[in-house]
Amino acid sequence: MATKKRKRSALKRIRQTQRRTTVKTIGRSAARTAVRTARDAIAKGGEAAADVIAAAASALDRAAKRGAIHKNSARRRRSRVAKAASKAKKKT
């Protein structure tokens, strides 16, 4: 395939897109991992669950701030984790 000449501005946009994609992917992944860890902690119970839930909420907020996930999506996920924690607390 023949290489195509590109304008400097197009090359800059490519660099920006790659950088942005990387940052957003990292943020999205961190949020998912934090939520998964929080759900596991809630299922197991114990004192450390509150710290893990706070960390998950923080990760979701950071991801929303960066634009990795939509802010309403972050709020919804945060709410669901908190609701699950509250429900688990009531059971014990």
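Below are the figures for this structure:
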quantity: Single match in S79, S58 (criterion: within 13 Å of the chain's Cα centre (by Cα) and hydroxyl-bearing (S, T, Y)); calculated: S58
quantity: Members of the stretch 48-92 that are polar (S, T, N, Q) and in a helix (DSSP H, G or I); calculated: S58, N72, S73, S79, S86
quantity: Selection count, the stretch 36-47, where residues are assigned to a helix (DSSP H, G or I) and either without any contact (Cβ under 8 Å) to a residue 24 or more places away in the chain or closer than 16 Å to S79 by Cα (or both); calculated: 8
quantity: Number of the condition not met by R6 [criteria: (1) in contact with a helix residue (DSSP H, G or I) (Cβ under 9 Å, 6 or more places away or on another chain); (2) under 18 Å from D61 (Cα atoms)]; calculated: (2)
quantity: Residue in the stretch 19-35 that is open to solvent by 80 Å² or more (accessible area, probe 1.4 Å), at pLDDT below 95 and in a helix (DSSP H, G or I) present; calculated: no
quantity: K71 being closer than 20 Å to V23 by Cβ, without any contact (Cβ under 8 Å) to a residue 60 or more places away in the chain and surrounded by fewer than 14 Cβ atoms within 10 Å (Cβ to Cβ); calculated: yes
quantity: Per-region count, the stretch 1-18, residues open to solvent by 100 Å² or more (accessible area, probe 1.4 Å), in a loop (DSSP other than H, G, I, E, B) and either closer than 18 Å to R66 by Cα or of a type outside the set (D, E, K, R) (or both); calculated: 2
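The values are calculated or read from the model by the stated rules, or taken from the named source; none is laboratory data. These figures come from a predicted structure and were not determined experimentally. With ideal geometry, Cβ positions are generated from the backbone for all residues, glycine too; neighbour counts draw on all protein chains shown. Quick note on the areas: whole protein, heavy atoms, side chains included, nothing else; ligands and nucleic acids left out. Shrake-Rupley method; radii C 1.70, N 1.55, O 1.52, S 1.80 Å.
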